[in-house]
Structures are given as structure tokens and as C-alpha cells.
Amino acid sequence: MKGTANMTLKFTKSKGDSQEFDLEKVHKVLEWATDGISGVSMSEIELKSNIQLYDKIPAYDIHELLIKSASELISEHTPNYQFVAARLISYKLRKEVYGEYTPWSLNKLIAYNVSSGVYDAGILEKYTEEELNELGSYIKHERDDTFTYAGMEQFRGKYLVQDRKTKEHYETPQMLYMMVSATLFSNYPTEERMKYVKDYYDAISQFYISLPTPIMAGVRTPTRQFSSCVLIESDDSLDSINSTASSIVRYISKKAGIGINAGQIRAEGARVGDGSVVHTGLIPFLKYFQSAVKSCSQGGVRGGAATVYLPIWHYEFEDLVVLKNNKGTEENRVRHMDYAFQLNKLMYERLLSGGNITLFDPNDVPGLYDAFFDDQDKFKELYEKYERAYSIRKKTIPALEVFQKLLTERKDTGRIYVMNVDHANDHGSFIAEEAPIKQSNLCCEINLPTKALNDINDEEGEISLCTLSAINWGLINDPKEFEKWCDLSVRALDELLDYQDYPIPAAKISTMNRRPLGIGIINLAYFLAKRGLKYDEGAFETVDEYAEAWSYYLIKASANLAKEKSKIPLNNQTKYAFGDTPNYTYKSAVDNLIEHKERLPWDELRTQLKTTGIRNSTLMALMPAETSAQISNSTNGIEPPRALVSYKQSKDGVLAQVVPGYHYLRNKYDLLWDQKSPDGYLKICAILQKYVDQGISVNTSYNPEHYEDNKIPMSVMLQDLVTSYKYGLKQLYYFNTYDGAGEMKEDLPELEQSVIDEEDCDSCKI
């Protein structure tokens, strides 16, 4: 290293004693880290790190300097430094966990971590020493070499079991993968479980299946709550509101993201009791929920977050729609939650006909709120009846003005969402009259029944949980390949439902009765780029073919599991019980995009469903994929990449990530900000939705440079909203606007880059 040749430096070991700095050891580590990787230089890493060396530098800091130096060399011209930096992290982790580079045996690691209290002791009761030896010998530690820098950094920061005060780690990635697999399949019959453990280990360690943070960070530990999404409904009573707040705290503390339905709470000025007092309205209670959401930091893994669901026709709409913006005062804003406004066909009809939308207090219009979800004809009848009733408190606003307010706040904050409740019920898993869908979750992809609690132990209420994973489309070369990964995904998550604990009775009862899963997609952009396809009509046929197979094999896996174990107790509240699969109840307008065809034996499957029922009331949900996409070197969920090299601001610093297949696909990617409009993306989402029983986290993204005066016209936003409804999309999630901020073109003039801030919660971003 420059400047060190004639100096005698010492470094400090972890136990506090000092040793003379041996430059040759650094050389050997860097030789190993760069071996076999093209386009990298160990001398460049040394040069970048040398100026930061100082006498008695801790050994820990030497490793971190080398990692930092390698990561800062990641660029368009030298993308492979991402693998060097990852190897350096891997080396450091092994030395930290095992005291040497060679890993311990699985048996030794389990024994040590159980005695340390960081592994669940139950694993030693489930498996014999011989079985654990067999699983240990099956582990492929060399798979750690497939990680990128961003993936490995996220892995050690969020997934590996560790002491978050001292930063001491207790395992390495491949040990984690095997422990997750062994834990999930621990209750399988002994004659077949070893096969499933090994197969699932291969699936997750080779990135065919991607898992969310609660599972990756928690399964194998004494923690026993792994559902990513929690849906909680509040009614208008104080008992229910207090139960909602208590439920939020219990699940926020266990790393879950929260969806809150507050649409039934009456409006400000409403009569209370005998009329001697008037109601304070929603905002004070939303502040109460916000405090509950922010009460826990989710075990140091991430901050709490929630989305509140409200009908667009609520009397306080004008005050509620602005709660997120930076105008106003703390008194009339509740900024640390997100908001989703619920629409249906009647609201869109009023917009398109130039009519009005009437705002009501749900407390003043009996039956209207329930009908909003489970009976659209009845809703229209009641809505028009109450509009004519002079005695009922109401506000009448031009529909165009309502939608403009909604879209203005959606654009300005990025965090005002949309839910089409009629689509969620018409094209969902559940029979609306029996189990209506009244809300979604934090990230707008889950559609499950809920029922308000009267107290925290109320067994008549219903809190819905959804357990997530995703299948990596980028690694699929033939639709038939989905069969194996779908079967493994369903089996593993179904086992998880019985393995985990439930802090609230209403959540356990609901989960056992419905056993909902949400299996999504990652790496769609890479999938398209490999085939020379963009987010436009040229991709419709291919997306339809693969989505059909993915959906078919998920349903088939659950139907087979129902035959093998049992169908769910509330099977008859699902459309599956009657043979109605998602590609039977979808919005027919999708046929204008792609001809309807069935390439697989759906009729046989529908007959099977009528006979055996289904094991899981829901199976698909297309969630965002932040951390897991980085872990598996994939593009985020179904999203187009913002740039060929992106930088994500995390708690551990800025993480550089290069799109997969960069060297040979760099000109094939359909980058987000190059797209003239979200139209093609929305239509691909509509084709995917045809095969999905829950929802999709659908974003709308705009580059103002594509519009006159660099302004996104309201007419364009309105048209995209109507288009999303026309083709059956159930939810709209983020509104993304390109503003050029965060680019670093001064440093790397030829590199298209984007800086993405880490969200305050990754709960549903698997």
C-alpha cells in the first residue's frame, strides 16, 4: 500500500492486543477475493484504502476499509467489483463467526447457537445427530460467491442472526438457508422430509424462491411470527379503536407491516350518544394509530409502517386526502402513515359522466358501508337514496374535483394509494356475501377478509395475516419449470402457518380457517430483457403464457395439499370451492389486450377443486421486492429498473447494484425513466392480474421530461387511473416522479444512475 512501505504499523485484534501489521496478509485476502473475476485489480483496491490506515487500527476496520474500497469501484465500466466486495464481506463473516475461514459443522453451529439463546432449541428435538450431519454435508458454502455486494451487505445487515448492539454475527448465509429449510419442514414425515429440506435449501440458496425479511431473519430463532402483512379493521366504537391500536403494537413489534381499515369511524361533528357532545372525527384517532405504528422499531430490522384505508365518499375526504402533505400544521396532518382511498364503479361513472360525488358520514347512512364491498347494486341504490334524503348531513362535490384532489396529493406525496373495492371482491378468492374484502395491506397487494374486534381477545373478530414469498421468473426458461418451485413454495409457507405463534386469538383463528398465502414474482424486467422484450404489447403473449403456468401450478399445489392433508375449514367461502379460478372471474376487458386461451388442463383442476377443495384460500400476491431482489441479484418485483446501476441509501450506507446480465443485456433493458408513459406497464400488470387471486403492488411512474413544460398533465393521470380500473387492477401503490435528483453524473459521466432512498419499512417488500 502506498505510504506504508517504510512504516511499522500495528493493528488491534478483537481481544484488545496489538500485532504488527502484515501487508502480505492483506495481499493474500485480496488475491483470493479477486481470483477468477475479470475486470478488477487488487492494486486499485489497495490504493483506494491506503490513505485511511492508521497505527493500531482495529482488525475490524481493516476489513471494512477493504470492503468499502472495493464497493466504491463499482461502475458501468467495472461492474465486477460488486463480486469482489461481496467476497470480502463473506471472508470477514466467516472469520467472525467461526474464528477461521473454514465453516463449522452444522451440528456444532446449532449446539453453540442454541446454548447462546439465538437458535430455537426445538430443532435439536426434531432431528437426529445423523440427520443434521447429513444436512450439514449437503450445504454448498461456495454459493456465497454468487452474491453481489448489495446482496451480501443486506444479508449481513438484515437477515443473519446477530447481536444488534455489538454487531456480532452467529451464522453465515448458507447456514441460514439450511436452517430455514430444516425448520420449515421439521414436521414432515421422517421418510420424506430430508428430500424436501434439501430441495428447498437448493431453491432458496440458488434464488429460485425468494423469502421476506420476517422469515429470513426469524425462522430458526425463538421468534415465532413470520407473516409480513397484517390487516386490521376498526369499527366506530372506542372499544374497537383501542383494540385496533393494541393489535398494531403487538404486530409492529414482530416486524409486520400493517393495513388499517378506519373507514367506519364517524366524521367530525357527528352526534355521540344523546347528542350532548359531538364527535372529534377521524384525525385524532389516526394520530392514535400513528403513535401505535411508530412505537416499536421492529427488532432493529426496520421501522414500523402502515397504510390506512378509507372510502373516497367519507364526509371528511377533503381533510383526509391532505393528511400526508407538507402543508398545514401538525394539528391537521398525520404524515407518518400512508393512505389509500377506496373507489368503485359508481365513482368512476360519476367522473366520466361529469356528475357529482356525495360525501357522507358512514354513521348516518345505514347499510351503505357494507354494501360498498359486498353488493355493488345495493350500494348504488342506497347511495342514490341517501343523496335524495334532505335530512342526512352530506357534501356534494363535482366528481372531477374529487379525483383531481386525489391525484394531486398522490403526485405530490407519492404515498396516496387507490383501491378498487369492486374488483377486489368480484375478482378475488372469496365470496363477497360471505367474506367481503374491505381493505388491503401496507403495500397494496393483499386482499383478505377482516372483521373489527371489540377487545383484544375477541374471538369473533378477524385479523388477517398473509405470509409471503416469490418465484424468480428470471431463472425460468420454460413454463413447465414452475411446477417444482410452486409446489415447494406452497408446502413451505403452509408449514410456516402451523409453526409460528399468534399473539392475538382473532389472527390465529382467521389464519387456521383460511390459511392464506401470497406468492409473487421477482426479476420480471430481467425475464423480459433476456427475451428482447419491453413493457409493451410485444411482451403480452409471453407474459400471459408464463403467468398462466405460474398461477396454475400454485393452485394445483394447494389442491394437491388439500387432498394430502385437508382442505381449509372455510373452504366454502372461497370461489375455489366451486371451481372458479382467477382466470375465470377476471375483468373481460383484458381480452382486448390478449386473446383468452387455456394452454393447461384447467378443467381438470377445476373438477379437482370441487372435489378436494383447497388448502390455502389465497395463493398469489405481487408484492414489491426490495431487499430480496438485491440478495438474489434480481430486478425489483415486476418493476422496470430505474437505471443500469442503481444506488440505494440504506442504514449501512449507499449500496450499488448492477442489473443482472449487465454485460450482455445492457441495451435490452426497458428502463423506467425512458418509458414515455406507464400505459404498457399497466397493461402487463392487468394481464398478470388475470391470474392473481389477490392484488398487485402497481406503481405509476412519470418522467416530466416527456411532457410539455416538464409538467405531468392532470388529463394523463386521470386517463391512467381510468385505464387501470378498466382492465381490472385492484390497487395502485406508489406514484413515482423522476426529478433528476441524486444522479452522480459528475463522477461517472457515462453512467446512468439513480439513487433510491431506503423506505422506512420493508415489511412487504420481500
When residues of the stretch 445-484 are limited to those that are out of contact with any helix residue (DSSP H, G or I) (no Cβ under 6 Å at 6 or more places or on another chain) and assigned to a helix (DSSP H, G or I), the one surrounded by the fewest Cβ atoms within 10 Å (Cβ to Cβ):
480
Residue list for the stretch 184-199, filter: crowded, with 23+ Cβ neighbours inside 10 Å and either hydroxyl-bearing (Ser, Thr, Tyr) or assigned to a helix (DSSP H, G or I) (or both):
184, 197
Only residues in the stretch 125-142 that are more than 17 Å from residue 220 (Cβ to Cβ) count as the first member; pair them with residues that are surrounded by fewer than 16 Cβ atoms within 10 Å (Cβ to Cβ) and among the small types (Gly, Ala, Ser), Cβ under 9 angstrom, at least 6 apart or cross-chain, and list the lot.
133/105; 137/105
Before we move on, is residue 668 out of contact with any Pro (no Cβ under 8 Å at 6 or more places or on another chain), in contact (Cβ under 8 Å) with a residue 40 or more places away in the chain, within 24 Å of residue 519 (Cα to Cα) and of a type in the set (D, E, K, R)?
no
Residue check for residue 637: in contact with a Pro (Cβ under 7 Å, 6 or more places away or on another chain) and in contact (Cβ under 8 Å) with a residue 24 or more places away in the chain:
yes
Please work out if residue 593 is crowded, with 20+ Cβ neighbours inside 10 Å and in contact (Cβ under 8 Å) with a residue 24 or more places away in the chain.
no
Quick one: which residue in 248, 241, 232 is under 16 Å from residue 465 (Cα atoms) and part of a helix (DSSP H, G or I)?
248
Among the numbered conditions (1) within 33 Å of the chain's Cα centre (by Cα); (2) of a type in the set (Asp, Glu); (3) within 16 Å of residue 200 (Cα to Cα), tell me where residue 120 comes up short.
(3)
Can you name the residue in the stretch 702-741 that is among the small types (Gly, Ala, Ser) and free of Cβ contacts under 8 Å to residues at least 40 places away in the same chain and, of all such residues, is nearest to residue 403 (Cα to Cα)?
715
Could you please find all residues in the stretch 383-428 being touching a Lys or Arg at 6+ places or on another chain (Cβ under 6 Å) and either among the small types (Gly, Ala, Ser) or within 24 Å of residue 688 (Cα to Cα) (or both)?
399, 415, 416, 420, 422, 423, 424
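Before we move on, is residue 526 within 23 Å of the chain's Cα centre (by Cα), surrounded by 22 or more Cβ atoms within 10 Å (Cβ to Cβ) and not in a helix (DSSP H, G or I)?
No: the conditions fail for residue 526.
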So, of the residues in the stretch 166-183 that are among the hydroxyl-bearing types (Ser, Thr, Tyr) and surrounded by 23 or more Cβ atoms within 10 Å (Cβ to Cβ), which turns out to be nearest to residue 91 (Cα to Cα)?
172
Residue among 669, 702, 691 that alone is closer than 30 Å to residue 73 by Cβ, at pLDDT 95 or above and not small (Gly, Ala, Ser)
669
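The values are calculated or read from the model by the stated rules, or taken from the named source; none is laboratory data. What you see is a predicted model; the values in this text were computed from it and never measured. Positions of Cβ are backbone-derived with ideal geometry, glycine not excepted, and every protein chain shown enters the neighbour counts.
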